[in-house]
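This report concerns only the one structure given below.
The values are calculated or read from the model by the stated rules, or taken from the named source; none is laboratory data. No experiment lies behind these values; they were computed from the predicted model shown. Cβ coordinates were reconstructed from backbone atoms using ideal geometry, including for glycine residues, and neighbour counts include every protein chain displayed. Surface areas here come from the heavy atoms of the whole protein model, side chains and all, with no ligands, DNA or RNA. Shrake-Rupley method; radii C 1.70, N 1.55, O 1.52, S 1.80 Å.
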Amino acid sequence: DLSVRGTLAGLLGQLPMLRRDDAAPVGELRIEGDAELARRLRKLADRFDPDWDAPFTDVFGDVLGVQIANAVRAALRGAREAGRELAGSTAEFLTEESRDLVPRAELDAFNDDVDVLHDDVERLAARISRLRVGAGR
């Protein structure tokens, strides 16, 4: 069994024509299940490199088809960049400007404070229990 879940950006980012090795990953992919099957599928996907220009050259000819394929490829990359910038701007607006969402660092600090408070309460409960036992003698 193998389950692959992801955002559209994460899935599109895996396509060879859209993948950029120098860029940070965009979106998210979550793969669960048989690790060996996932490795085999990844090898197949890495070797999958069809001639993306062929459909365009078949219809428009060698010169115009290659130019159209390059334009489509550039448009898809541009759309990916625009999507990345939109997602970043939206996240920044929601966390910093409108405060509708809590920034990750603030949430982590709150969770750390809750953990410290939890530990303090447990220590206090243990101390009270020891005092009750000592007073009951």
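For T90, the accessible area of its heavy atoms, probed at 1.4 Å with every protein chain present, is near 60 square angstrom. Dividing the mean sequence gap of close Cα pairs (under 8 Å, 6+ apart) by how many residues the chain holds gives a relative contact order of 16 percent. Note on the chain: with neighbouring protein chains present and a 1.4 Å probe, carbon and sulfur make up 58 percent of its accessible heavy-atom surface. Between R132 and L94, what's the calculated FRET efficiency when r is the beta-carbon distance and R0 is 35 Å? Round to 0.05. With R0 = 35 Å, the Cβ-Cβ based efficiency is 0.10. For the chain, the 222 nm mean residue ellipticity estimated from helices alone, with every DSSP H stretch of n ≥ 4 adding -39500 (n - 2.57) and the total spread over all residues, rounds to -21500 deg cm²/dmol. In this calculation the C-beta distance from L117 to E28 is compared with R0 = 35 Å, giving a FRET efficiency of 0.65. Measuring only protein heavy atoms, the 1.4 Å probe finds E81 accessible over about 50 Å².
Return the label of the correct value of Cα extents along the principal axes in Å, as calculated from the structure shown, out of (i) 50, 36, 28; (ii) 67, 40, 34; (iii) 97, 43, 22. Working out Cα extents along the principal axes in Å from the coordinates points to (iii).
Length gained on full extension, A87 to D58: 6.8 nm, using 0.36 nm per residue less the C-alpha separation. Taken per residue, the accessible surface of the chain reaches 80 Å², heavy atoms only and a 1.4 Å probe.
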